[in-house]
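**Student:** For reference, the structure I am asking about is given below.
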Amino acid sequence: MIILSIIFNVIIGSLFLLSFSTKIFDISDLRNDVAVLRIIPKSLTDLSIYALLFVELGISISYLFNLWLPFRTGITVMLLIFFIVVTWLKRRRTGTVSCTCFGTNRLLNKNPVIRNIAIIFFCVLDFSMHVDTGVYRGLNNLSYALIFVTLVQLYESRKTYKKMRAINEYVNF
C-alpha cells in the first residue's frame, strides 16, 4: 500500500508540476484563455492567474513531499471540479472541448473532463490509503459522497443540456 501511495503521490504531483511549468512559461496564453472565458472581471485576471499558479505549485509540492494530507486532497478535488465546470462553460461559449492546461501536449489536453475525473479518483484513492480512524475516516466518507454527488450532477446537467438543445432545435424550425 505504501508503494502504491508513493506512486500516486509522484504521478499527481508531477502532473500539477507539469501544468504549473507550462503555464508559467506561456503566461500570455493563459491570460488570453482566462480573458476569453469571461468568468472573472478583466481587472482580476492577473490576480487569478497568479493565485492559480500558486495553488498548483502548492498542490505539486504537497504531493511530491507528502505534506498536508487532508487539506491537499480537498483543495485538489475542489480545484479539479472547478476546472470541470470551467471546461463545461468553455464548451458552451466557444464550442471547443480541449484545454491548454499542459501547453502543447495534445495527449494530456485531449479529454480534460475525463482526465480531471481520473485525477480526482486517484486523489481520493490515495487519501483512502491513509485513513486510520476518526477525522480522516469522516473526511474520507465525505469526499466519497461529494465526488458521487458531483458526478451525478454532472451527468444530470449534461442530460438536461442535451434535452434543452433538442427542444431549442425543435422550436427554431
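The values are calculated or read from the model by the stated rules, or taken from the named source; none is laboratory data. All of these numbers come straight from a predicted model, not from anything done at the bench. Neighbour counts are summed over all protein chains in view; Cβ atoms, including those assigned to glycine, are modelled from backbone coordinates with ideal geometry. All accessible areas refer to the heavy atoms of the entire protein, side chains included, with ligands and DNA or RNA removed. Shrake-Rupley method; radii C 1.70, N 1.55, O 1.52, S 1.80 Å.
**Student:** Dipole magnitude of region 1-133 about its Cα centre, charges +1 at Lys/Arg Cβ and -1 at Asp/Glu Cβ only, in debye to the nearest 20?
**Tutor:** 620 debye
**Student:** Using a 1.4 angstrom probe, figure out how much accessible area the chain has per residue, in square angstrom, rounded to the nearest whole.
**Tutor:** Per residue, the chain has 65 Å² of solvent-accessible surface.
**Student:** Can you list the lysines whose alpha carbon sits under 20 Å from that of Lys42, skipping same-chain ones fewer than 8 residues off?
**Tutor:** Lys23, Lys90
**Student:** Quick test of the membrane-span-like rule: which DSSP H helices of the chain reach at least 24 Å along their long axis (C-alpha atoms) with mean Kyte hydropathy at least -0.5?
**Tutor:** TM-like helix candidates: 2-25, 45-64, 69-94, 112-129, 135-172.
**Student:** Let me ask something else. Bins of 5 Å, beginning at zero and ending with the bin holding the largest distance: percent of Cα pairs per bin for the chain, please.
**Tutor:** In order of increasing distance, the bins hold 1, 8, 15, 19, 19, 15, 11, 7, 4, 1, 1, 0 percent.
**Student:** Report in % the part of the accessible area of the chain that belongs to carbon and sulfur, leaving out ligands and nucleic acids; probe 1.4 Å.
**Tutor:** In the chain, the share of accessible area belonging to carbon and sulfur is 70 percent.
**Student:** Let me ask you something else. Can you tell me the convex hull volume per residue for region 1-96, based on C-alpha atoms, in Å³ to the nearest whole number?
**Tutor:** 104 Å³
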